Amino acid sequence: MLTITTALPEEYRVASADELAGRIGAAKAALGDRLLILGHHYQKDEVMRWADARGDSFGLSRLAADRHDAEFVVFCGVHFMAESADLLTGPDQRVVLPDLAAGCSMADMADIDQVEEAWASIGSVADLDRVVPITYMNSTAALKAFVGRHGGAVCTSSNARRVLEWALADQPDRPGADKVLFFPDQHLGRNTALAMGFPPESMVVWDPRKDLGGLEDVDVKRASFLLWKGHCSVHQRFRPAHVAAFRAAHPDGLVVVHPECAHDVVAVADLVGSTDFIIRTVDGAPEGSSIGVGTEIHLVKRLADEHPSLHVECLDPSVCPCTTMSRIDAPHLAWVLEELVEGRVRNQITVDPATSADALVALERMLSIP
Ligand code: 13P
Ligand code: SF4
């Protein structure tokens with residue numbers, strides 16, 4: 001991800017929390033309905049308190065698309081989320097990411113050159129007409145566009161199973177896939193395929209740093225799922241030992257984890273699901289329940305604060321924030337908002353028209369899957 005970052009002016013770096021809050025509030029009021037601030041569930045409270053809407057990555061992008069009157073969408077999330085919002089919003093809407101360094105380490109694990117190379121290598125041993133590429137929402141717009149050009153679709157952690165079922169089934173314009181190339185998160189791919197009943201032998205890991213993904217021809221030919229060697233550094237930290245320790249302390253407790261966790265963790269959890277699913281699970285838990293959660297710490301802490309009648313704790317006691325998301329803070333938010341008041345758009349995220357058109361094809365395919 002190439003970013004050209006303007007340094008945050010000193011006045012914002014030295015301002016107190018109270019001063020920043022006053023300045024953000026005043027800028028927000030001055031911009032009124034022209035402004036929409038979106039906060040991803042993993043965002044910290046000093047930022048989240050200003051969000052007009054909270055949500056997961058895809059839900060927030062759709063919200064931005066529905067608010068045609070919002071001239072400026074300030075996306076308090078990470079880079080791929082702001083790109084998705086730019087794809088789904090109108091030409092007159094401008095999407096701003098308060099700190100351009102707020103990337104996603106998982107999305108950065110697959111770049112377009114590596115994916116193009118992988119595609120050509122797979123084509124040397126398999127019929128590409130029977131390979132369907134699927135990219136997780138957590139990927140650059142360039143990857144979504146690649147998928148759009150090659151008959152594939154985007155998926156989220158909520159609909160990954162339905163999208164894989166779609167890829168493998170006969171469609172009016174193509175036969176069912178013989179193989180799926182899934183990127184960038186090997187864990188979401190593996191957890192989903194295993195939940196669908198596929199055996200572990202049907203999956204191989206594609207290492208983009210090695211020739212033919214580090215595989216033999218025969219492995220590629222036999223596999224139903226080529227899983228890109230990518231992961232989320234936050235969710236991959238959770239271990240089965242964390243679940244065991246939680247269960248020892250809370251024998252009647254419930255364990256819910258995100259599907260970006262490794263399969264050995266998912267296998268010992270009670271429930272697995274997206275950010276939204278985790279929130280719904282905690283919201284619906286009976287009073288007095290203990291819930292061990294395997295996801296980002298800001299969300300877990302917020303759930304604990306919002307549910308004083310429950311015991312909600314992060315499964316990893318050493319705490320795992322999404323450090324890139326954490327780059328969005330009150331000083332950066334105050335800066336971009338005050339610049340907007342002055343008529344200057346800082347840190348705008350734009351996807352070029354050709355990439356946008358192809359990426360939208362992949363997103364629309366996903367949306368058309370019932
Ligand atoms: P959501 O799609 O649930 O917003 O999750 C995004 C993410 O980055 C999870 O790590
Ligand atoms: Fe990316 Fe993981 Fe952060 Fe989600 S939690 S934005 S996947 S690094």
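The values are calculated or read from the model by the stated rules, or taken from the named source; none is laboratory data. Every value quoted in this text rests on a predicted model; they were computed, and no experiment measured them. Note that each Cβ is placed from the backbone with ideal geometry, even for glycine, and that neighbours are counted across all protein chains shown. Accessible surface is based on the protein model in full, side chains and every heavy atom, while ligands, DNA and RNA are left aside. Shrake-Rupley method; radii C 1.70, N 1.55, O 1.52, S 1.80 Å.
Within the stretch 97-109, residues that are more than 13 Å from ligand 2 (Cβ to nearest atom) sit with their Cβ atoms under 7 Å from residues that are open to solvent by less than 10 Å² (accessible area, probe 1.4 Å) and in a loop (DSSP other than H, G, I, E, B), at 6+ positions apart or across chains, in these pairs: Pro98/Ile328; Asp99/Ile328. Between Arg23, Arg54, the distinction of being over 28 Å from the mean Cα position of the chain (by Cα) and either more than 16 Å from ligand 1 (Cβ to nearest atom) or in a strand (DSSP E or B) (or both) belongs to Arg23 only. Looking at the stretch 250-267, is at least one residue more than 30 Å from Leu31 (Cα to Cα), out of contact with any Cys (no Cβ under 6 Å at 6 or more places or on another chain), away from ligand 2 (no atom under 16 Å from the Cβ) and charged (D, E, K, R)? Looking for residues that are more than 30 Å from Leu31 (Cα to Cα), out of contact with any Cys (no Cβ under 6 Å at 6 or more places or on another chain), away from ligand 2 (no atom under 16 Å from the Cβ) and charged (D, E, K, R), one finds at least one in the stretch 250-267, hence yes. Among all positions in the stretch 207-214, there is no residue which is within 16 Å of ligand 1 (Cβ to nearest atom) and within 29 Å of Thr324 (Cα to Cα). Under 7 Å between Cβ atoms, which residue pairs at least 6 apart in sequence (or on different chains) link something in the stretch 294-307 that is closer than 21 Å to Pro259 by Cα and within 12 Å of ligand 2 (Cβ to nearest atom) with a partner that is open to solvent by 50 Å² or more (accessible area, probe 1.4 Å) and of a type in the set (A, V, I, L, M, F, W, C)? That search, which allows pairs on different chains as well, returns Ile297/Val319. The helices (runs of 4 or more DSSP H) found wholly in the stretch 196-309 and carrying at least 3 residues that are more than 24 Å from Gly39 (Cα to Cα) and of a type in the set (A, V, I, L, M) occupy 240-249. The listed residues are His40, His68, and the only one of them that is open to solvent by less than 30 Å² (accessible area, probe 1.4 Å) and within 30 Å of Leu367 (Cβ to Cβ) turns out to be His40.
Tell me, please, whether a residue that is open to solvent by 20 Å² or more (accessible area, probe 1.4 Å), modelled with pLDDT under 95 and touching a helix residue (DSSP H, G or I) at 6+ places or on another chain (Cβ under 7 Å) can be found in the stretch 308-329. Scanning the stretch 308-329 turns up at least one residue that is open to solvent by 20 Å² or more (accessible area, probe 1.4 Å), modelled with pLDDT under 95 and touching a helix residue (DSSP H, G or I) at 6+ places or on another chain (Cβ under 7 Å). Could you please find all residues in the stretch 172-204 being open to solvent by less than 50 Å² (accessible area, probe 1.4 Å) and among the aliphatic types (A, V, I, L, M)? Once the filter is applied, which keeps residues that are open to solvent by less than 50 Å² (accessible area, probe 1.4 Å) and among the aliphatic types (A, V, I, L, M), the stretch 172-204 yields Ala177, Val180, Leu181, Leu188, Ala193, Leu194, Met196, Met203, Val204.
Could you go through the stretch 341-349 and let me know if any residue there is of a type in the set (Val, Ile, Thr), closer than 29 Å to Thr135 by Cβ, out of contact with any Phe, Trp or Tyr (no Cβ under 8 Å at 6 or more places or on another chain) and assigned to a helix (DSSP H, G or I).
Here is the first cut: in the stretch 341-349, the residues of a type in the set (Val, Ile, Thr) are 341, 345, 349.
Going one step further and asking which of them are closer than 29 Å to Thr135 by Cβ, we end up with 345, 349.
After this cut, where a residue has to be out of contact with any Phe, Trp or Tyr (no Cβ under 8 Å at 6 or more places or on another chain) as well, the list is none.
Within the stretch 341-349 (the criterion being of a type in the set (Val, Ile, Thr), closer than 29 Å to Thr135 by Cβ, out of contact with any Phe, Trp or Tyr (no Cβ under 8 Å at 6 or more places or on another chain) and assigned to a helix (DSSP H, G or I)), the answer is no, since none of the residues qualifies.
Take the residues in the stretch 350-364 that are open to solvent by 60 Å² or more (accessible area, probe 1.4 Å) and assigned to a helix (DSSP H, G or I); name whichever of them is nearest to Ala21 (Cα to Cα). Spell out how you get there, then give the answer.
To start, the set of residues in the stretch 350-364 that are open to solvent by 60 Å² or more (accessible area, probe 1.4 Å) comprises 350, 352-354, 364.
Checking which are assigned to a helix (DSSP H, G or I) leaves us with 353-354, 364.
On the way: Pro353: 37, Ala354: 40, Glu364: 39 Å.
Residue satisfying both the conditions and the ranking: Pro353.
Residues of the stretch 155-164 that are of a type outside the set (S, T, N, Q), touching a residue at least 40 places away in the same chain (Cβ under 8 Å) and open to solvent by 30 Å² or more (accessible area, probe 1.4 Å): Arg162 alone. Look at (1) open to solvent by less than 50 Å² (accessible area, probe 1.4 Å); (2) over 20 Å from Arg149 (Cα atoms); (3) away from ligand 2 (no atom under 16 Å from the Cβ); (4) modelled with pLDDT under 95 and you find that Leu88 fails only one, number (2).
Would you call Gly103 of a type in the set (Gly, Ala, Ser), more than 21 Å from Ser157 (Cβ to Cβ) and open to solvent by less than 30 Å² (accessible area, probe 1.4 Å)?
On the way: of a type in the set (Gly, Ala, Ser): yes; more than 21 Å from Ser157 (Cβ to Cβ): no; open to solvent by less than 30 Å² (accessible area, probe 1.4 Å): yes.
In short, no.
Being within 16 Å of ligand 2 (Cβ to nearest atom), at pLDDT 95 or above, out of contact with any Pro (no Cβ under 9 Å at 6 or more places or on another chain) and β-branched (Val, Ile, Thr) narrows it down to one of Val78, Val73, so name that one. Reasoning before the result, please.
Values: Val73 fails: within 16 Å of ligand 2 (Cβ to nearest atom).
Answer to the check: Val78.
With respect to (1) within 12 Å of ligand 1 (Cβ to nearest atom); (2) surrounded by fewer than 17 Cβ atoms within 10 Å (Cβ to Cβ), the lone exception for Gly273 is condition (2).
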